[in-house]
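Taking it in order: structure first as structure tokens, then the write-up.
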Amino acid sequence: MSNNNYEKLGVFYLGKKYDISSKKTSNDELILYDSKDLTTHAVCVGMTGSGKTGLGIVVLEEAIIDGIPAIIIDPKGDMANLLLTFPELTGENFEPWVNPADATDKESTKEYAKQQADKWKKGLAEWNQDEVRIKRLRESADFVIYTPGSNAGIPISILKSFEVPSEEIMQDSEALREKILSTVTSLLSLVGINANPIESREHILISSIMEYSWKQGKNLDIPSIIQHIQSPQVSKIGVLDTESFYPAKERFSLITSLNNLLASSGFSTWMEGDSLDIQSLLYGTKGKSKVSIFSISHLNDQERMFFVSLLLNQLLGWLRSQSGTTSLRTILYMDEIFGYFPPVANPPSKTPLLTLLKQARAYGLGIILATQNPVDLDYKGLSNTGTWFIGRLQTEKDKERVLDGLEGASQTLGRSFERKEIDKILSALDKRIFVMSNAHEDGLEIFQTRMAMSYLRGPLIRDQIKVLMDPLRKIHKSLDPQPETVSTSIASSNNTKGQEKTDDNLRKSDIPDNHDTNKPGQRPTISPSISQYFIPINKHAVDIENIVYHPYILGGATLTFSQKQSGMDLVKDVVFITPVTDNAVPVEWQNAQEIDLKFSEILKDPAKENSLFVQPPPVVNKIEKYDDWKKDFILWLSQNNKITLYKDPLTQSLSRPGESEKEFRLRIGQKVREDRDESADILRKKYAPRLAAIEEKIRRAKQKMNIENDQVKQQNIQSAISIGTSLLGAFMGRKRTSNLARGISRSMKEKKDAQYAKESLESLNQQLLNIQSEFDSEVSSLNTKLNQQDDLETILFKPNKNDISIKLLSLVWYPSGQDTFSK
């Protein structure tokens, strides 16, 4: 299209200004919403039929086109309409999705579909949108409909919700407490227990089990929670022993309830499908934005609350692991907030949602909450919300509650609030007409929403969701398999057991089974000239009382990876252990495994006295061998230890060691977005004075032209009177030709002045268009950088021998009974 004035930098095209008195839309005044304003969140309120869902989809469409991923909670089934986009806009596209009941008795479904396609095509054209923009919307993200507890869409596994939280949450006692409280409350509500966290024994016991297990680094699921309730590892609850606090006989009722839930028909679906992993829900392969729609209309109230609470907690945990940003990074959209954020009650969803509203801004998460039930909202919790979209309301009570909320928000911002005037405006709203109050802009805006590119056919049923998701199921059982990590690479062929690593952790099975034929005994005598150290007992130890120490050779080094031309300058400490044997070559570094251990964490003494030891081979007492092993270690490091990094040709940025291609693309994309928003602010400030000056000149030129036009009209009237008078005078025998000539002369002068004023105005309008064209050109270059998807380069770095500094090479004792060393 030739007039895409809405395709500005980092703004959302929502609609056009609306005159409430004339009930007309201004074609020249677009409503362009700055995407950064959404980081202070938004509330959308309107009765059924107000156009609230349409506005929500319009906002999401704009965000998706801008490369913003979204998580959408959809209790009614309307938001799946985002997948109904048809660039061709033909009746054949629409026919499978129209509601046959909406067709009249005189028309077939096919005819009705054609009618809907024509309606959408005409409507989009009126709002200056076309098939190119629809196609761009479809290609900007991967769209997935998840159906918790159902196979209609893509099932989602809740198991991750019971896994050990992120390090950020584990180190924040308040955040950990909130997550445990919400998770346990949700779980108990699923079995019909409305538990008070302070008084309920069920809640207190499961919370204690969860906290104990997580602090031990152990993941949970419902079967393991049942086992812990049956045989608690938590010995005391407060000052009471667990049995006194909650006897086994009484615990059996809770065990039965949870077991019945686990054994119930269909609950297994909750354990299947894609992981409830926020990063995977927001981004697909190679960092492409993802729109994850959670359709929960098929669930009962308890199940909805259970899932929504788990999802919000997962999102909160993910958020705390992100870096701060001033740009919009992602969106959480809830299509109906009723019941999840009430003013008095405290359901499991309220605490994490309230925390998100308070903290998400710093991380670039924009939250949009929509409702048709404005009475049952915690407006105090929403007082810091930056944007309010208010549509037609059903009752006076609804209107009064919304006015209260707006007034509270205005007081928070220190603004005046004209309640009577706003009340009058709200009473006059029609369908698709909204009032917008934006904390980042002065005053209120009344506007009509643009035509949605998505076909708004209403809620989708299970079979329709299944049709949309079947192609994805055929591609892969998991929609978003995680790409391999490009990180420090050690030749996999050196794995003595020939087992492929499933992650970056060093498992117990990875440690070669050294000297298993020797029976453990007392600590062996080692020559005083031989230094010996101990690997610390990991917190995941199976049985600390039965630890057995095995002998290995430990090599620790500092590696320097440096290259001027690429800007690479990395210093990295590495620690490896390798078996020491009775073989002809007792130490072979190709059998070494890296462990995630700082030099300062290596111990000089065993974890406990009287530990058992496997006897080492005699070669460990030969001091001269350690120099040989050191030389071999340096050679092996120089040949086998390398770092492969990604390089972005556009920004010339390098990935970090251990950063996957997906993670790197996301980081660079966010940096480009932040730079774009910063550049956009600079551009606006640069052009603002010029635009303001030319607009002021245009305003004055319009005034002058209007004056000149008025004078022309007045002079034309005078000339007509003079001509009439002259004709009458001639008829009566009187001559007034001089007055007539002067009148005609003045009339011609006024016309020339009016023409000059018109030409001056046209010249100024052209100057304005030229300035806007310059601005749009610079904006376009910034958008090109954001949308450019260059192939990444890979760069291989190896340390030279001179870049390897050996910090430690010695005998080390490794304790068996450990599950893992976290890499």
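The values are calculated or read from the model by the stated rules, or taken from the named source; none is laboratory data. For clarity, every value in this text was computed on a predicted model and none was experimentally measured. Methodologically, a virtual Cβ is constructed for each residue, glycine included, from the backbone with ideal geometry; neighbour enumeration extends over all protein chains shown. For the accessible areas, the whole protein counts, side chains as well, though only heavy atoms, and no ligand, DNA or RNA atoms are used. Shrake-Rupley method; radii C 1.70, N 1.55, O 1.52, S 1.80 Å.
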Tell me, please, whether a residue that is open to solvent by less than 60 Å² (accessible area, probe 1.4 Å), over 30 Å from residue 137 (Cα atoms), of a type in the set (Gly, Ala, Ser) and in contact with a Phe, Trp or Tyr (Cβ under 7 Å, 6 or more places away or on another chain) can be found in region 442-454. no
Across (1) of a type in the set (Lys, Arg); (2) within 44 Å of the chain's Cα centre (by Cα); (3) within 23 Å of residue 527 (Cβ to Cβ), residue 572 clears everything bar (3)
Looking at (1) open to solvent by 70 Å² or more (accessible area, probe 1.4 Å); (2) at pLDDT 80 or above; (3) among the β-branched types (Val, Ile, Thr), find the lone condition where residue 784 falls short. (2)
When region 95-122 is checked residue by residue, the ones that are among the hydrophobic types (A, V, I, L, M, F, W, C) and in contact with a helix residue (DSSP H, G or I) (Cβ under 6 Å, 6 or more places away or on another chain) are 98, 103, 113, 117
Here is a check on your reading of the model: is residue 776 of a type in the set (Asp, Glu), modelled with pLDDT of 65 or more and assigned to a loop (DSSP other than H, G, I, E, B)? no
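Each row is one residue, and each column tells you yes or no for (1) closer than 22 Å to residue 160 by Cα; (2) small (Gly, Ala, Ser); (3) in contact with an Asp or Glu (Cβ under 9 Å, 6 or more places away or on another chain).
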| site | (1), (2), (3) |
| --- | --- |
| 296 | yes, no, yes |
| 316 | yes, no, yes |
| 332 | yes, no, no |
| 339 | no, yes, yes |
| 346 | no, no, no |
| 355 | yes, no, yes |
| 362 | no, yes, no |
Give me the residue from region 279-291 that is at negative phi, in contact with a helix residue (DSSP H, G or I) (Cβ under 8 Å, 6 or more places away or on another chain) and part of a helix (DSSP H, G or I) and, out of that set, modelled with the lowest pLDDT. 285
Checking the conditions here, which among 650, 637, 691, 666 is touching a Pro at 6+ places or on another chain (Cβ under 9 Å) and hydrophobic (A, V, I, L, M, F, W, C)? 637
Out of everything in region 347-394 that is open to solvent by 20 Å² or more (accessible area, probe 1.4 Å) and among the β-branched types (Val, Ile, Thr), what residue ends up being farthest from residue 327 (Cα to Cα)? 375
How many residues does region 277-319 hold that are of a type in the set (Lys, Arg) and surrounded by fewer than 18 Cβ atoms within 10 Å (Cβ to Cβ)? 1
Screening 240, 258, 254 for residues that are modelled with pLDDT of 90 or more, open to solvent by 20 Å² or more (accessible area, probe 1.4 Å) and among the hydrophobic types (A, V, I, L, M, F, W, C) leaves only 240
Residue that is surrounded by the fewest Cβ atoms within 10 Å (Cβ to Cβ) [pool: residues in region 151-166 that are out of contact with any strand residue (DSSP E or B) (no Cβ under 8 Å at 6 or more places or on another chain) and under 13 Å from residue 314 (Cα atoms)]: 164
So which residues in region 120-145 are farther than 18 Å from residue 449 by Cβ and open to solvent by less than 20 Å² (accessible area, probe 1.4 Å)? 141, 144, 145
Looking at region 114-133, I want the residues that are touching a residue at least 60 places away in the same chain (Cβ under 8 Å) and among the small types (Gly, Ala, Ser) and have a partner that is open to solvent by 20 Å² or more (accessible area, probe 1.4 Å) and part of a loop (DSSP other than H, G, I, E, B) with Cβ atoms under 6 Å, at least 6 apart or on another chain. Which pairs are those? 123/451
Inspect region 427-447 for any residue being touching a Cys at 6+ places or on another chain (Cβ under 7 Å) and either closer than 30 Å to residue 299 by Cβ or of a type in the set (A, V, I, L, M, F, W, C) (or both) and give the result as yes or no. no
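For every residue, the table says whether it meets (1) more than 30 Å from residue 653 (Cα to Cα); (2) at pLDDT 90 or above; (3) open to solvent by less than 30 Å² (accessible area, probe 1.4 Å); (4) assigned to a strand (DSSP E or B).
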position	(1), (2), (3), (4)
540	yes, no, yes, no
553	yes, yes, yes, yes
565	no, no, no, no
569	no, no, no, yes
574	no, yes, yes, yes
For residues in region 173-198 being over 22 Å from the mean Cα position of the chain (by Cα), more than 18 Å from residue 304 (Cβ to Cβ) and touching a residue at least 12 places away in the same chain (Cβ under 8 Å), which is least open to solvent (accessible area, probe 1.4 Å)? 180
Considering residues that are open to solvent by 20 Å² or more (accessible area, probe 1.4 Å) and either farther than 21 Å from residue 183 by Cα or part of a helix (DSSP H, G or I) (or both), the number found within region 208-223 is 5
Looking at region 49-108 only, could you name the residues that are part of a loop (DSSP other than H, G, I, E, B), hydroxyl-bearing (Ser, Thr, Tyr) and open to solvent by 10 Å² or more (accessible area, probe 1.4 Å)? 90, 104, 108
Could you identify the single residue in 805, 810 that is hydroxyl-bearing (Ser, Thr, Tyr), open to solvent by less than 30 Å² (accessible area, probe 1.4 Å), part of a strand (DSSP E or B) and modelled with pLDDT of 85 or more? 810
Only one of (1) outside any loop (DSSP other than H, G, I, E, B); (2) free of Cβ contacts under 8 Å to residues at least 24 places away in the same chain does not apply to residue 361, and that is (2)
Go through the residues of region 228-239 one by one and say whether even a single one is aliphatic (A, V, I, L, M) and more than 40 Å from the chain's Cα centre (by Cα). yes
Exactly one of 622, 608, 598, 631 is without any contact (Cβ under 8 Å) to a residue 40 or more places away in the chain, closer than 24 Å to residue 536 by Cβ and either open to solvent by 70 Å² or more (accessible area, probe 1.4 Å) or not β-branched (Val, Ile, Thr) (or both), and that one is 598
Is region 668-683 home to any residue that is surrounded by 15 or more Cβ atoms within 10 Å (Cβ to Cβ), of a type outside the set (Ser, Thr, Tyr), touching a strand residue (DSSP E or B) at 6+ places or on another chain (Cβ under 6 Å) and at pLDDT 80 or above? yes
Sort through 330, 326, 412 and tell me the only one that's closer than 28 Å to residue 292 by Cβ and either at pLDDT below 90 or open to solvent by 10 Å² or more (accessible area, probe 1.4 Å) (or both). 326
Taking region 109-119, which residues are within 23 Å of residue 60 (Cβ to Cβ) and buried (at least 21 other Cβ atoms within 10 Å of the Cβ)? 116, 117
How many residues does region 261-278 contain that are at pLDDT 90 or above and β-branched (Val, Ile, Thr)? 1
